[in-house]
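Taking it in order: structure first as structure tokens, then the write-up.
The values are calculated or read from the model by the stated rules, or taken from the named source; none is laboratory data. Source: prediction; values computed, not measured. We place every Cβ from the backbone using ideal geometry, glycine too, and count neighbours over all the protein chains shown.
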Amino acid sequence: MATKRELEARTKSIQKTKQIVRTMELIARNRLMKVKDKALVGRPYSEKINEILSSVQMRLKEASHPLLEKQDRFENFCLILFSSDRGLCGAFNNNIFENAQRFIDAKKDKKAKVIIVGQKGIHYFRRKNFDIIDTYEELEKGKELQISLDIKDKIIELYKKKEIGEVYLMFNKFKQQLIGEVVIKKLLPFEITCEEKEEKRKVLVEHLYEPSYTEVLDKLIPQYIMNQIYQGALESRAQEEMARMLAMKQAADSADEMLGDLRLQYHKLRQSLITKEIIEVVSGGQT
């Protein structure tokens, strides 16, 4: 059994740790409030630009564009992946890494080239000896737009040169008070799902193009790609802070439970010491 001094030292140590994690929880909560609105507000625009591009592609069956054409034979595909720079955010990074590994393994006949955002992802994929196109850090310092624009330019250039045949985006989608959902989106070549095709046939809109559909697509497709990456960055940042806030809350709650157990042990020990002293006094009086 631990001594009284050991229990007091252990209690003091856990109390300090609890104060630290409570502070970290508050910091994560404050950061979350700043980034979650951006993620939520950006969703309607992201969905709408996808809808517009889908509608244009369906209407222009005869149209061809370098970023809409499928490459029949290709060896490499690109995976853009968002992780965090810092830890203490629960399963946030592990969920991404596990899903990425399964996704890459499923494409056995193709070689993965990765673009990684976040130090944790950079360290993970370097250890695994993946072919890394580029890496980015400090997303939490408000670099979402700058990074998204740079990635957009890189993947468009590589796709046009046919150095990659497909481009996918992977990130943790923000969910309030819940563990995030890992999302995988195919960016290039742009495709419409069967469900989307059926839905859009019912409400197909006739478009007029000025000056021409090719020039419209020249602007629309890069804007779509950049927006999807940017929205993924915002979703990832918001979910990272949500995961960190929940992890710190859970740690603080665990500290409370441990302190409760230590208090119980302390009172039991104190009671046994008092009882022992009483017995010794009584025994001494009788002698």
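Data for the structure
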{"read-out": "So residue 15, is it surrounded by 12 or more Cβ atoms within 10 Å (Cβ to Cβ), modelled with pLDDT under 90 and among the polar types (S, T, N, Q)", "value": "no"}
{"read-out": "Only one of 235, 215, 241 that is closer than 30 Å to residue 169 by Cα and touching a strand residue (DSSP E or B) at 6+ places or on another chain (Cβ under 9 Å)", "value": "235"}
{"read-out": "Matching option when the condition is of a type outside the set (Ser, Thr, Tyr), touching a residue at least 24 places away in the same chain (Cβ under 8 Å) and farther than 29 Å from residue 124 by Cβ, among 43, 5, 10", "value": "10"}
{"read-out": "Qualifying position, being part of a helix (DSSP H, G or I) and in the same structural domain as residue 57 (by TED's automatic domain parsing), among 233, 251", "value": "233"}
{"read-out": "Residues located in segment 239-279, provided they are surrounded by 11 or more Cβ atoms within 10 Å (Cβ to Cβ) and among the hydroxyl-bearing types (Ser, Thr, Tyr)", "value": "254, 266, 272"}
{"read-out": "Any strands (runs of 3 or more DSSP E) falling wholly within segment 79-190 and containing at least 1 residues that are touching a Leu at 6+ places or on another chain (Cβ under 7 Å) and over 18 Å from residue 39 (Cβ atoms)", "value": "111-117, 166-173, 181-188"}
{"read-out": "Check on residue 98, at negative phi, of a type in the set (Asp, Glu) and without any contact (Cβ under 8 Å) to a residue 60 or more places away in the chain", "value": "yes"}
{"read-out": "Failed item, numbered, when residue 90 is tested on (1) in contact with a strand residue (DSSP E or B) (Cβ under 7 Å, 6 or more places away or on another chain); (2) touching a residue at least 24 places away in the same chain (Cβ under 8 Å)", "value": "(1)"}
{"read-out": "Residue in segment 99-106 that is out of contact with any helix residue (DSSP H, G or I) (no Cβ under 8 Å at 6 or more places or on another chain), among the polar types (S, T, N, Q) and farther than 22 Å from residue 226 by Cβ present", "value": "yes"}
{"read-out": "Subset of segment 86-129 [charged (D, E, K, R), at pLDDT below 95 and under 14 Å from the mean Cα position of the chain (by Cα)]", "value": "86"}
